[in-house]
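In what follows, a structure is listed as structure tokens, so that the remarks can point back to it.
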Amino acid sequence: MLTTLHSFTGYPFDGAGLDSAVARGSDGNYYGTTGAGGDNCYPSGCGTVFKITPGGTETTLYSFCSQYNCVDGIDPYGALVQAPDGNFYGTTSSGGTGADDAGTVFKITPSGTLTTLYSFCSQPNCADGWYPGAIVQATDGNFYGTTAAGGANNTGCIADGCGTIFKITPSGTLTTLYSFCSQSNCPDGYNPWGLIQATDGNFYGATGHGGASGNGCGGDGCGTIFKITPSGTLTTLYSFCPLGGCQLEAPDGQFPNGELLQANDGNFYGTTSSGGANQIGFCAEFGCGTVFKITPSGKLTTLYSFCSQNNCVDGWNPSGAPVQATDGNFYGVTYAGGTSTHCDYGCGTIFKITPGGTLTTLYSFCSRSGCSDGQLPDAALVPAPGGNFYGTTDEGGTSNDGTVFRFTLLRACTVCPNVE
């Protein structure tokens, strides 16, 4: 059962466009960001930080570009993370004091006081990176993350650099640990997504492009899965399309999308936005996306290829890693597909997949009049107490500016738990 908790209304009084997941705060409320909306930057807004209660009362805590020349950042990207100090930490994809409006790392209190900790492209030639993604706080108390561009290398990928992995202290001291495309032809990948810290203390992540497939997958490389130590030693665990020859699509998936998840079996799970066994319908050119499992040593298994059902009612283009629930199964979303015909390519789905790869579509977005339930979910679900999941949609809702929703698994119960 899906409950729409809040429909965003956009500039100038509310946020708009949700590309990241919400974070559950220690106070039981949920905190997140919108890429647009807010009080500044007519006519679409520069983005916000918001709080929403489990009952759906939403409060805008901060509107970006509230400072001269947007030195506080524009367009926050990636989920917030709450640190033991009670504050939330996050990134903006642009703005700041560095060259080229390269983005920032910020801290914000639960009441809405924001401090910019670092502005990217503060070093010559953006060697420190630009366009940061989500950050994660590690066991050493520092934050680790990636930038999609910038870094020491700008050959073999794009003119603006291939991306980095960085460490930043809570006070804002940044260290670049690795610059991608450090090897000829970028077998180490480029354009990384965020990181997770695994139980072995190392960090694992994915790159959207590059890898041993070379110029496969439309000329950009098919992407990689990597491991990096806290000191910066990177190992490429897997390159999609490992045998090469993938001109447009890779049967094992291509262009991994979002952070990984380490499950209770010790393996990692994730998604690719395209590739897979099916190249039909709307995703005929590059494939419809996959869910995969990969061991810490790098053995990959494709668990499911989307658009395996007529008209892609099972969805396609999955967003972010699936999350594991207490029942042992995984739950996630697709950005497109489903049963709704309102959107040009389908409005997206919520799905369940077993560790063995059996997929069940639980919900198709835009199932209500006017897409009041939202459409185009673009971020991973967040598990919550009571068997609930919280999520966001990029569009839809009463003003078509996106939503926050709660999804509850239907189950029989004598005394049902309270919603949290």
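Just so it is clear, none of the values below were taken in a lab; they were calculated from the coordinates. Given the structure is predicted, the values throughout are model-derived calculations rather than measurements. Positions of Cβ are generated from backbone atoms using ideal geometry, with glycine treated the same way; all protein chains shown enter the neighbour counts.
Summing charges over all other residues whose Cβ lies under 10 Å from the Cβ of Ala149, with Lys and Arg as +1 and Asp and Glu as -1, gives -2.
Between Tyr42 and Thr326, residue separation times 0.36 nm minus the direct Cα-Cα distance comes to 97.8 nm.
Shown for Asp75, Asp220: other C-beta atoms within 10 Å of each C-beta, ranked fewest to most, produce the order Asp220, Asp75. Charged side chains reduced to their Cβ positions (Lys and Arg at +1, Asp and Glu at -1) give the chain a dipole of some 760 debye around its Cα centre. Rounded to the nearest 0.05, the FRET efficiency derived from the C-beta distance between His342 and Asp27 at R0 = 56 Å is 0.95. For Leu237, the amide hydrogen comes within under 5 Å of the amide hydrogens of Ile225, Phe226, Lys227, counting only partners 5 or more places away or on other chains and with H modelled in the peptide plane. Only Cα pairs under 8 Å and 6+ residues apart enter the sum, and on that basis the relative contact order of segment 2-408 stands at 11 percent. Couplings for segment 107-113, taken from phi via the Karplus curve 6.51 cos²θ - 1.76 cosθ + 1.60 with θ = phi - 60°, read 10, 9, 6, x, 8, x, 8 Hz in order; Gly and Pro are left as x.
Between Ser184 and Asn202, the simple label model (points 7 Å from Cα in the Cβ direction) yields a spacing of 2.6 nm. The stretch between Thr408 and Gln247, if pulled fully straight at 0.36 nm per residue, gains 53.8 nm over its current Cα-Cα span.
Extension gain for the segment Thr173 to Ser231, taken as residue separation times 0.36 nm less the Cα-Cα distance, is 19.4 nm to one decimal. By definition, a body whose alpha carbon gyration tensor gives a ≥ b ≥ c is oblate when a/c is 1.5 or more and a/b is not larger than b/c, and segment 293-419 fits this oblate description.
The amide H of Tyr178, built 1.01 Å from its N in the peptide plane, has Ile165 as neighbours under 5 Å, considering only residues 5 or more places off or on other chains.
Put a dot 7 Å past the Cα of Ser122, heading toward its Cβ, do the same for Ala284, and the two dots end up 5.1 nm apart. Sites count as exposed loop sites when they are chymotrypsin sites (Phe, Trp or Tyr not before Pro), lie in a DSSP loop, and have at most 16 other Cβ atoms within 10 angstrom; the longest stretch of the chain without one is 14-344. Comparing Thr113, Thr392, Thr272, which has the greatest mean-square fluctuation in the GNM of the chain with Cα pairs linked when under 10 Å apart? It is Thr113. Comparing Cys347, Gly315, Ala16 along the charge dipole axis of the chain, the residue lying farthest to the positive side is Gly315, per the Cβ-charge model.
Overall, the anisotropy analysis places the chain in the rounded class: the square-rooted eigenvalues a ≥ b ≥ c of its C-alpha gyration tensor yield a/c less than 1.5. Mind running the shape call on segment 65-201? Use the C-alpha gyration tensor, a ≥ b ≥ c as the square roots of the eigenvalues: rounded below 1.5 for a/c, prolate if a/b tops b/c, oblate otherwise. Note, shape of segment 65-201 comes out oblate.
Each other residue within a Cβ distance under 15 Å of Thr169 adds +1 if Lys or Arg and -1 if Asp or Glu, for a net charge of -1. Taking Lys and Arg as +1 and Asp and Glu as -1, the other residues whose beta-carbon sits under 13 Å from that of Thr354 total 0.
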